C-alpha cells in the first residue's frame, strides 16, 4: 500500500465516523435507544459510510490527483482543510440532538414474571414537574391518583423525551413497598437498576445526574462537521476540476502562502467570523445583537478624569494621589493645562491627539524607520481596520493616553537615528513618554548609534535613568515615596480576578486562578517563569540585532512592544492600540525577505514559513476583537500575545538573512568571550559623546 492509498483509507475512516455520528444522532436519534442498540446503529452506519467514502475517493482520485505531484496534492489538501475549518468555525452547523440537549428518560419494569408494578409519582426536569399523563404509552400503563403505574406483567417502558439543556439533575419520585419490584431507569445511555421492594410503603427520589459537557459535545460535533465538509469539498473539487486546473490552483496557493498579506487577510476573516458574525447574527437568542462590545463606564473618559482630578489637586496644593490616580507625579503636572478647562473639552483634545498618535505610530514611523519609498498594501489594510479595533476604541472610551506616550517614545527613537542635530528633542520625548507611562522605558534600548562604543551608550542610558528617577520626586520627596507605594500595591496585587481585560502575565494568571484556585507559591512561580521566558526572548532578539549591527531591528522592536504589553502588572486591553505600528514595521522586513524567493526550492522551508506566517497573522488579528465577542476560552489576550511573540521571533530567524553576521563560530562560549573582549578593548579608546 503506497502512501496516498493509505491517506485515502485514513481519510475514508475519519469521514465515515464523522458522518456516522452526525447522521445517527441527528436522524436516527441513537441516544433514544439503549446503549447496545444505539451503539449498533452508530457502528453500522460508520461502516457503510466508510466504504461509500472510500469508493468515491478511489474512483475520483484516479481522474485527476494521480496527474499532479505530491507537493501540489499536499497544498490542495491543506488548503481544503483550512477552508472547511474556517467555514465550520465561522458558520456553526446545527447539532440539536446531542446528549447535552436531548433527554430520553426511560423507566422499565423488570419483574414481569412476578406481576409487581412500578408507580411513578413525579418526574422533574430542571426542577419542573412533568405532566406524566401526557406521556402514557398506548398500553401497559395507567393513570392513577398517585401518578402513573405499570400494569402487572407489562414490559413496556415509560418514556419521556425532552429537547432542552439540563441545568440540574433529573429527579424521579417512585413508590417503594412490598407490592413493588425492580425497575430499570435510563437517562440517555446512562442506565441503573433500582429495587423498590421493602416491608413498608415509602417514597424514594432517584437523581439522574447530568454528566454531559455541552462544550465538549460542541467541539466533537464541530470536528465531525469539519471532517465531513472536508471530504465533500475534497471529492467535489476533484470531480469538478481537471488536473491542469488543480495544478494552477495549487501553484497559486503555494505562492500566496509565502506572503504576509495573504495570511493577514485570512486571519482577519477568521476572527471577523468567529467574533463578530457569530456574536451579532448567529447567537442563541436568534436576534441581532449589536450592543456594546466594550466594558464601557459612564461617564466616558473615566481614566482621563482621574489624572485631571490629580492635576487640579496639585494646583490647589494637594497630593496628586488623593484620588484614584496611579500615574507618575510629572504626569499630573503635564495635564494641568487640560485641567483648567471643562472635562468634556479636555476629552475632545485627548481624542484628537489619540487619533493623530495612531496615524504617526501606525503609518509614519514604520515608513520612516524602514526607509522604503512607499508602504505596502498590508500596511494600509491594517491601518484601516485598526481604526475600528477593540484596543483603539477602548483607549478612546477610557480617555487613556497610552498611544500618546508610545508616540513620544517612537518619535524619540526615530529622531535619534534620523537627525543627530535634534537628539536633544529625542531625549525630551522619551522622558515625557516614561513620565506618562513607565513601560516606554524599554525603548531606551534603541538609543544606540554605535554598537562598539558601549561606554558612550551606557553613559547615555545612565543619564536618562537618573533624570527620570529624579523627576519622580519633582513634587517633593513625600510625593515620590507615595508614588512608589502606589506602584508596589499594583505589583503585589496577584490573587484571583474574573476580569479578562488585563492581558499582562499577572492578569492572565489571576484570571486562570479564579477558576483553578492555585496556590500562591505556584502562582508566583508561574509568573516568574513566564517573565523569564519573555525577557529571554527579548535578550535573544537584542543579541541577534547586535550581530546584524541593526540599530532599528524590527524583530527587537516588536519584541519590546509585546514586552511592554505583558510585563507590567496592570496592562488593560486598551494598550493593544499601539501594537499595529510595530507589527507593520516587522512585516515590512519579512515581506522583503520573502519577496526574494531565496528558498523556493526548499519545500520544508516553504511549509515552515507558511506555518509561522499563519500563527503570526492569526494571533495578531485576534487582538483586534473584544473578549466580549469571543468564546470563553479565548477571552484572555495574553496567549495570543505570547504566540505572536514566539512566532515573530521564529519567523525572523527563519526568514531574515544572517549574512551580515561578522563572525560565525560554532562554539558559543568562544563567541561570547570574543564579544566581551572586544568591548573591553575598545571601551578605553572612546570619548564620551552624549
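Worth a mention:
- As a rough footprinting exposure proxy, the listed residues 242, 648 were ranked by other beta carbons within 10 Å of their own, and the order from fewest upward is 242, 648.
- Rounded, prolate or oblate (a/c below 1.5 giving rounded, otherwise prolate when a/b exceeds b/c) for segment 135-236 by Cα gyration tensor: prolate
- In terms of packing, defined here as the mean over residues of other Cβ atoms within 10 angstrom, the peptides 580-588, 36-44, 254-262, 15-23 line up highest first as 580-588, 15-23, 254-262, 36-44.
- Length released on extending from residue 115 to residue 470, taking residue separation times 0.36 nm less the Cα-Cα span: 118.4 nm
- Given the choices (i) 58.7, 185; (ii) 36.6, 154; (iii) 32.9, 108, Rg and Dmax of the Cα atoms in Å derived from the coordinates of this structure is entry (iii).
- Computed log₁₀ I(q)/I(0) - Debye formula, equal Cα scatterers, no solvent, segment 302-677, q 0.12, 0.13 Å⁻¹: -1.00, -1.18
- Across segment 190-294, counting alpha-carbon atoms alone, Rg and Dmax equal 25.5, 83 Å.
- Taking the DSSP bridge list for segment 103-211 and keeping only pairs wholly inside it, about 95 percent are antiparallel.
- The equivalent ellipsoid of segment 294-375 has semi-axes of 31, 15, 11 Å, largest first, where each one is the square root of 5 times an eigenvalue of the Cα gyration tensor.
- With helices as the sole contributors, the chain gives -18000 deg cm²/dmol at 222 nm; each DSSP H run of n ≥ 4 counts as -39500 (n - 2.57), and the sum is divided by every residue.
- Pairwise centroid distance, computed over Cα atoms, of segment 521-587 with segment 325-393, Å: 20 Å
- The mean sequence separation of alpha-carbon pairs under 8 Å and at least six residues apart, normalised by the residue count of the chain, gives a relative contact order of 13 percent.
- Full extension of the chain between residue 635 and residue 490 gives 50.0 nm of extra length, using 0.36 nm per residue less the Cα-Cα distance.
- For 634, 340, order by how many other beta-carbon atoms lie within 10 Å, fewest first: 340, 634
- Segment 491-604: relative contact order in percent, alpha carbon pairs under 8 Å with at least 6 residues between: 30 percent
- Peptides 547-557, 177-187, ordered by how many other C-beta atoms sit within 10 Å of their residues on average, highest first, read 547-557, 177-187.
Values quoted throughout were computed directly from the atomic coordinates according to the rules given, and no laboratory measurement underlies them. Because the structure is predicted, anything quoted here is derived from the model rather than measured. Using ideal geometry, Cβ is built from the backbone for each residue, glycine included, and neighbour counts are taken over all protein chains shown.
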